[in-house]
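Step one of this worksheet: look at the structure below.
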Amino acid sequence: MALKIYADTPSRKTRQIVSDVWFVLWCGLWVWVAIRLHDLIVPLGAPGEKLATTGDTLSQNMTEAGDAVDQVPFIGDQVREPFDRMSAAGQTLAEAGRGQQEVVEKLAIFLPLALAFLAIALLAVVWLPLRIRFASRATAAQRYLVAADDVDLFALRALARQPLTQLVAIDPDPAGAWRRGDPRVIRSLAALELRGEGLRIPGITDGAS
C-alpha cells in the first residue's frame, strides 16, 4: 500500500494542502531572494575588476618603458630601476583587485545560499516532522484496516484515549457497549479514534473533522 500523504477528513486535508502549498511558496520566495541578493552582490566586484585592469596596464606600460630605457647606452641600467619598481607596484595593485573580485564572487554565492537555507530550514523543522508523523501513523492505521478488516482495536484505543464527553455522546455506557460487542458503538468509537489519524471507516459519516 502506498504512503498515505493526506487525510480523508476534508478540513484536515485542506489544512495539510494549505501547509504544503505554503511551504513550497516559502521555499520559492527564498530561492528568489537568494537570486536577487546574488545579483546585487555581483556588481560589488566591479571596482576590483577595474583595479586589476589598471594594475595590469600600469605594470605592462612600466615594463615596456623600462625595456625601452634599458636600451639607452651607459645609463639604461640605472634609469630602468624606477620603472621596474612601478611595474611591480602595478602588479601588486592588479593582484589586490583580483583578490577583491574573488572575495565578492564567493560572497555572492555563499551568502544567498546560506540565507535561503536557514530560512527554509527554520520552517522545515516545524512542517516536515508534522507531515512525516501524520504519514507514518495514517499509513500504519490504513494498512491495519485493510489487513485485519477489523475496527475493534481502534474502538478500544478510543475508550483509552478520547475525551469522556465524546465517548458518552456515542453511548451512555461506551465501555459496556464495547464489552457486549455492540457493532454500532464499536464502529462509532473506532471512527472517533481514526479521525485523529485523518482516516474514515466506510459507512461511518459524521460532521466531525
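The values are calculated or read from the model by the stated rules, or taken from the named source; none is laboratory data. Computed from a predicted model, the values in this text were never measured in an experiment. No Cβ is skipped: glycine too gets one built from the backbone with ideal geometry, and neighbour counts run over all protein chains shown. Heavy atoms of the whole protein, side chains included, go into the accessibility calculation; ligands, DNA and RNA do not. Shrake-Rupley method; radii C 1.70, N 1.55, O 1.52, S 1.80 Å.
Things worth noting here:
- Listed here are the helices (runs of 4 or more DSSP H) enclosed by the range 135-185 that have at least 3 residues being touching an Asp or Glu at 6+ places or on another chain (Cβ under 6 Å) and within 21 Å of D8 (Cα to Cα): 152-161.
- Hits in the range 26-60 (condition: among the basic types (K, R) and within 11 Å of A94 (Cβ to Cβ)): K50
- Remark: pairs (first residue in the range 7-23, at positive phi and open to solvent by 40 Å² or more (accessible area, probe 1.4 Å); second residue modelled with pLDDT under 95 and not in a helix (DSSP H, G or I); Cβ separation under 6 Å; 6+ apart in sequence or on different chains) are absent.
- Scanning the range 128-160 for residues that are open to solvent by less than 20 Å² (accessible area, probe 1.4 Å) and of a type in the set (G, A, S) turns up A135, A138, A141, A155, A158.
- Among the residues listed as R157, R161, R143, R179, the single one being of a type in the set (D, E, K, R) and more than 23 Å from G198 (Cβ to Cβ): R179
- Test for R200: is it basic (K, R), more than 30 Å from L58 (Cα to Cα) and open to solvent by 90 Å² or more (accessible area, probe 1.4 Å): yes
- Evaluating R85 against the criteria (1) open to solvent by less than 80 Å² (accessible area, probe 1.4 Å); (2) free of Cβ contacts under 8 Å to residues at least 40 places away in the same chain; (3) part of a helix (DSSP H, G or I); (4) not hydroxyl-bearing (S, T, Y) leaves one unmet condition, (1).
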